[in-house]
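These notes are about the structure you will find just below.
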Amino acid sequence: MDCDKCGREAVMNAAYSGLHLCEEHFVASVDKRVRRRIREDDLVPSDATPENPQTWVVGLSGGKDSVVLTDILYRTFEKDPRIELVALTIHEGIEGYRDQSVDACEELTEELGIRHELVTYEEEFDVQMDDVVEKDPEGMAACAYCGVFRRDLLSKYAEKFDADKLLTGHNLDDEAETALMNFLEGDVSQIAKHFDASLGNFEERGEQDDFVPRAKPLRDVPEKEVALYAHLEDLPAHITECPHASEAYRGEIQELLYQLEENHPGTRHSIMAGYEELASLAASEFGAREEGDTDLGECEQCGASTTRDVCRKCSLLESIHAV
Ligand code: SF4
């Protein structure tokens, strides 16, 4: 198959758009989609200047998504002194898995000359995910603990580094899966939260005083294309799956989406287009309704924002350390 743009040999065929692209035009099309998303989400505010630069903390796990995002952001803002990038890697304490991906993060950030910070569950919480899985005091899946700890550290360090934005490498498949899960669980407040946390542009999402706002500039790019990009650009991505990966329900949704996309190309894009619009409506409705109800206070133990006396992370740590 030939490239639709230049006639050279195509490396990808996107059923959802009907496009065949060669290596050069495929790479350019991914770059273009990420840059368009940065523009459409208003990620660079008009008051950012070289004298008053923005700090963007990028969650860099060493997997293909965060590696591709970091690489594209670096090249997009390489000559733009309004944006300073800081890569943040979180080591969960998973033997034979995270050490290699940390190596990938170090290789990439050294090559690009980006500041790289590494924080560990062990130093922060005195736990390792391998032990958490063994003890499992709450009878939950590994990812249920791990997600709470990771979100806590991303927020904590984004604040510590005075970040203006926290960027993560969620791709189109990740976002369409989350959208579908929220629909199927019938949880409209969760849909509203998803929008407030990371979808839509910054004007739509409004002021967010309590935490560093998040953005997902890779969310228009399908997972397979992210993987192909990492391969073609020879990026040091660590591909192995975490041995504790345990989100069974997400796995089912993945399978369902795969089938739908095979039979009806463009399904992921249309899910996200409709979902963002609905999520925006849900956010304005729930935001207004919950404003008076939300009793956001500080965790008695760590001071993090929470609606309880002790936040979820501290209560999980308490039960892990009690075993
Ligand atoms: Fe943590 Fe689950 Fe991700 Fe493994 S797959 S790193 S346990 S969230």
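The values are calculated or read from the model by the stated rules, or taken from the named source; none is laboratory data. Remember, it's a predicted structure, so these values are computed and weren't measured experimentally. Cβ placement follows ideal geometry from the backbone for every residue including glycine, while neighbour counts extend to all protein chains displayed. The accessibility values were calculated without ligands, DNA or RNA, using every heavy atom of the protein model including side chains. Shrake-Rupley method; radii C 1.70, N 1.55, O 1.52, S 1.80 Å.
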| Contacts under 8 angstrom Cβ, first residue in the stretch 241-261 being more than 8 Å from the ligand (Cβ to nearest atom) and open to solvent by 40 Å² or more (accessible area, probe 1.4 Å), partner acidic (D, E) and assigned to a helix (DSSP H, G or I), 6 or more apart | R250/E177; Q254/D173; Q254/E177
| request: Report the residue count in the stretch 86-102 for those that are more than 16 Å from the ligand (Cβ to nearest atom) and either modelled with pLDDT under 95 or buried (at least 23 other Cβ atoms within 10 Å of the Cβ) (or both). | output: 1
| message | As an exercise: evaluate D130 against (1) open to solvent by 30 Å² or more (accessible area, probe 1.4 Å); (2) more than 25 Å from V221 (Cβ to Cβ); (3) more than 16 Å from the ligand (Cβ to nearest atom) and give the number of the one condition it does not meet. | response | (3)
| request: State whether one or more residues within the stretch 299-317 are touching an Asp or Glu at 6+ places or on another chain (Cβ under 6 Å), open to solvent by less than 90 Å² (accessible area, probe 1.4 Å), at pLDDT 90 or above and charged (D, E, K, R). | output: yes
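Criterion first (of a type outside the set (D, E), more than 16 Å from the ligand (Cβ to nearest atom), touching a Ser or Thr at 6+ places or on another chain (Cβ under 6 Å) and open to solvent by less than 20 Å² (accessible area, probe 1.4 Å)) does F211 satisfy it? Show your work before the answer.
Details: of a type outside the set (D, E): yes; more than 16 Å from the ligand (Cβ to nearest atom): yes; touching a Ser or Thr at 6+ places or on another chain (Cβ under 6 Å): yes; open to solvent by less than 20 Å² (accessible area, probe 1.4 Å): no.
Criteria not met by F211.
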| Restricting attention to the stretch 149-164, and to residues there that are of a type in the set (A, V, I, L, M, F, W, C) and within 12 Å of E92 (Cβ to Cβ), which single residue is nearest to the ligand (Cβ to nearest atom)? | F149
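Taking the stretch 169-187 only, how many residues are open to solvent by 20 Å² or more (accessible area, probe 1.4 Å) and over 11 Å from Y275 (Cα atoms)? Walk me through it before giving the result.
Our first condition is that a residue be open to solvent by 20 Å² or more (accessible area, probe 1.4 Å); within the stretch 169-187, this holds for 170, 173-174, 178, 180-181, 183-187.
With the extra rule that they be over 11 Å from Y275 (Cα atoms), the set shrinks to 170, 173-174, 181, 184-187.
Within the stretch 169-187, residues that are open to solvent by 20 Å² or more (accessible area, probe 1.4 Å) and over 11 Å from Y275 (Cα atoms) number 8.
Only one of these is among the acidic types (D, E), away from the ligand (no atom under 16 Å from the Cβ) and out of contact with any Leu (no Cβ under 8 Å at 6 or more places or on another chain): E117, E123. Name it. So that I can check it myself, show each step before the final result.
Values: E117 fails: out of contact with any Leu (no Cβ under 8 Å at 6 or more places or on another chain).
After ruling out the rest, the residue left standing is E123.
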| query | Out of (1) hydrophobic (A, V, I, L, M, F, W, C); (2) farther than 27 Å from L235 by Cβ; (3) more than 14 Å from the ligand (Cβ to nearest atom); (4) open to solvent by 40 Å² or more (accessible area, probe 1.4 Å), the odd one out for M140 is which? | reply | (3)
